[in-house]
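Peer 1: Input: one structure, supplied below.
Derivation of every value follows stated rules applied to the coordinates shown; laboratory data play no part. Keep in mind that what you see is a predicted model, and the values were worked out from it rather than measured. All Cβ positions, glycine included, derive from the backbone under ideal geometry; neighbour counts span all protein chains shown.
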Amino acid sequence: MNRRLFLFFVAAAALAAVLGSGVVGAPAAEPMKVSASFSILGDMVKQVGGDRVEVFTFVGPNGDAHVYEPTPADAKELSESKILFTNGLGLEGWMTRLEKSSGFKGTVVTASKGVAPRKMVEDEKTITDPHAWQSLANGKIYVANIRDALIAADPEGKATYEANAQKFLDSIAQMETKVKEAIAKLPPERRKIITTHDAFGYFGAAYGLEFIAPEGVSTESEATAKDVAKIITQIKKEKIPAVFLENVTDRRLLDQIAKETGAKIGGTLFSDALSPPDGPAGTYLDMFRNNNEILSEALSS
Ligand SMILES: [Zn+2]
């Protein structure tokens with residue numbers, strides 16, 4: 001081989017190495033690819049995984065995780081993922097189909113595993129409430145499950161995942177104290193409120209508020225005229241002070257209810273999705289910070 005040809009091969013090999021590593025200057029190891037079903041869970045996985053993990057989220061900011069049409073891009077991302085994180089408890093009815101169509105060969109991790117599920121009767125059927133993340137105590141269970149799954153898939157990252165999870169758990173505990181203190185200050189007669197769909201059962205049970213919703217625990221079925229009439233009567237009779245919009249539901253129904261009852265619109269709560277990163281609820285913790293502020297402000301006077 002002559003010298004010029006040799007140099008060409010050396011340069012080509014170096015170029016291939018750089019392209020192969022993804023980003024120039026990145027650490028030698030590629031981040032592990034994982035998928036998460038919706039934005040709230042996606043953020044939790046990012047907090048625990050840090051730089052070692054690249055998270056793809058199917059249902060993005062302000063998206064509705066109850067009803068979702070997976071795209072071919074989702075199937076491709078999932079097929080390249082080592083772990084699929086789901087909420088479980090019946091939230092992601094569309095996931096089985098996506099898993100099948102993607103040919104996913106990795107591990108499915110149900111982040112809510114170990115949570116005590118809220119059961120309720122809706123249209124004479126007993127159903128499970130999927131919104132377990134709305135209690136910070138449950139959020140800690142999610143974080144532990146995520147940490148353990150990441151360690152199992154990437155044992156070399158154990159120390160990093162443990163440290164990240166501990167930091168996140170400490171912040172969740174601090175937020176828990178904050179929310180409990182704020183809600184405890186609210187007058188008891190102002191602790192019953194309306195949202196569009198029944199997403200805050202775990203929040204209400206954990207912190208002492210009662211949420212009532214014309215739609216059930218899924219956004220799949222719309223509220224009937226009878227459901228709406230019943231809520232309007234209840235708001236008037238019980239002098240319920242405020243109705244709250246949600247980032248994942250249409251506001252028209254609550255506008256109508258507010259108009260007919262005189263209840264005030266207390267603001268927008270983040271229920272099943274985060275805001276975009278530059279919004280008021282770009283992370284799991286900011287979602288609680290925002291919801292806590294909105295509820296406290298609207299209900300304290
Ligand atoms: Zn929901």
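Peer 1: Provide the per-residue ³J(HN,Hα) series for segment 52-60, in order, calculated from phi with Karplus coefficients 6.51, -1.76, 1.60 and θ = phi - 60°, each as a whole number of Hz, with x at glycine and proline positions.
Peer 2: 6, 10, 10, 9, 9, 10, 6, 8, x
Peer 1: Just to check, using Stokes-Einstein with a Kirkwood Rh over alpha carbon pairs, what's the diffusion coefficient of segment 72-112 at 10 °C and 1.306 mPa s in µm²/s?
Peer 2: On the way: Rh = 10.3 Å.
Roughly 154 µm²/s, to the nearest whole number.
Peer 1: How much of the DSSP beta bridge set in segment 171-301 is antiparallel, as a percent to the nearest 5? List each step's numbers first, then the result.
Peer 2: Numbers: 0 of 9 bridges.
Within segment 171-301, antiparallel bridges account for around 0 percent of the total.
Peer 1: Starting at the first residue of segment 290-301, write each ³J(HN,Hα) from the Karplus equation 6.51 cos²θ - 1.76 cosθ + 1.60 with θ = phi - 60°, in whole Hz, x for Gly and Pro.
Peer 2: Ordered by residue, 3J(HN,Hα) equals 5, 4, 4, 5, 4, 5, 4, 5, 6, 9, 6, 9 Hz.
Peer 1: Near ASN87, within a Cβ-to-Cβ distance under 12 Å, what is the net charge of the other residues, with Lys and Arg +1 and Asp and Glu -1? Numbers along the way, then the final one.
Peer 2: On the way: positive: LYS113; negative: GLU92, ASP129, ASP272.
Here the charged neighbours net out to -2.
Peer 1: A further question on this structure: As a test of the formula, what do you get for the chain when each DSSP H run with n ≥ 4 contributes -39,500 (n - 2.57) and the sum is divided by the residue count, at 222 nm and rounded to the nearest 500 deg cm²/dmol?
Peer 2: Details: 10 runs with 138 residues, N = 301.
Estimated from H runs of four or more residues: -14500 deg cm²/dmol.
Peer 1: Shifting gears a bit: What does the net charge come to around LYS158 if you take all other residues with beta carbon closer than 14 Å to its beta carbon, with K and R at +1 and D and E at -1?
Peer 2: Working: positive: ARG52, ARG147; negative: ASP148, ASP154, GLU156, GLU162.
Value of the local net charge: -2.
Peer 1: Lysine pairs in segment 33-146 8 or more apart or on different chains: how many have alpha carbons under 28 angstrom apart?
Peer 2: Taking segment 33-146 as the scope, the lysine pair count is 26.
Peer 1: FRET efficiency for ASP123 and GLN234, Cβ-Cβ distance as r, R0 = 30 Å, nearest 0.05? Mind dumping the intermediate values first?
Peer 2: Numbers: r = 18 Å, r/R0 = 0.61.
Result of the calculation: an efficiency of 0.95.
Peer 1: Moving on to the next point. Check which residues have an amide H placed less than 5 Å from LEU269's amide H, if you skip close sequence neighbours.
Peer 2: Distant-sequence amide H within range of LEU269: LEU245, GLU246, ASN247.
Peer 1: Based on the alpha-carbon gyration tensor of the chain and its eigenvalue square roots a ≥ b ≥ c, which shape applies: rounded if a/c is under 1.5, prolate if not and a/b is larger than b/c, or oblate? Don't skip to the answer; put the middle values down first.
Peer 2: Values: a/c = 2.53, a/b = 2.13, b/c = 1.19.
Prolate is the answer for the chain, as a/c is 1.5 or above and a/b outweighs b/c.
Peer 1: Sticking with this structure for a sec: Spin-label point model (7 Å from Cα, Cβ direction): what's the ALA152 to ASP278 distance in nm?
Peer 2: Distance between the two pseudo-spin positions: 3.9 nm.
Peer 1: Please report TRP133, TRP94 as a ranked list, fewest other C-beta atoms within 10 angstrom at the top and most at the bottom.
Peer 2: Working: TRP133 28, TRP94 18.
The order, fewest Cβ neighbours first, is TRP94, TRP133.
Peer 1: Then there is this: For THR57, enumerate residues with amide H under 5 Å from its amide H, sequence gap 5+ or separate chain, H modeled in the peptide plane.
Peer 2: Counting only residues 5 or more places away or on other chains, the set is ALA36.
Peer 1: Could you work out which residue, out of ALA73, ALA149, ALA281, moves most in a Gaussian network model of the chain, that is, has the largest mean-square fluctuation with Cα springs under 10 Å?
Peer 2: Judging by the Gaussian network model, the answer is ALA73.
Peer 1: For segment 252-269, what does the Karplus curve 6.51 cos²θ - 1.76 cosθ + 1.60, with θ = phi - 60°, yield as ³J(HN,Hα) per residue in whole Hz, taken in order and with x for Gly and Pro?
Peer 2: Whole-Hz 3J(HN,Hα) from phi for segment 252-269: 4, 4, 6, 4, 5, 5, 4, 5, 7, 10, x, 5, 8, 8, x, x, 10, 9.
Peer 1: Hey, which aspartates and glutamates would be in cross-link range of LYS185, C-alpha to C-alpha under 20 Å, not counting anything within fewer than 8 residues on its own chain?
Peer 2: LYS185 reaches GLU176, GLU210, GLU293, GLU297.
Peer 1: Could you work out how much longer the chain between ASP227 and ASP250 gets when fully extended? Use 0.36 nm per residue separation minus the Cα distance between them, nm to one decimal.
Peer 2: Additional length available on full extension: 6.6 nm.
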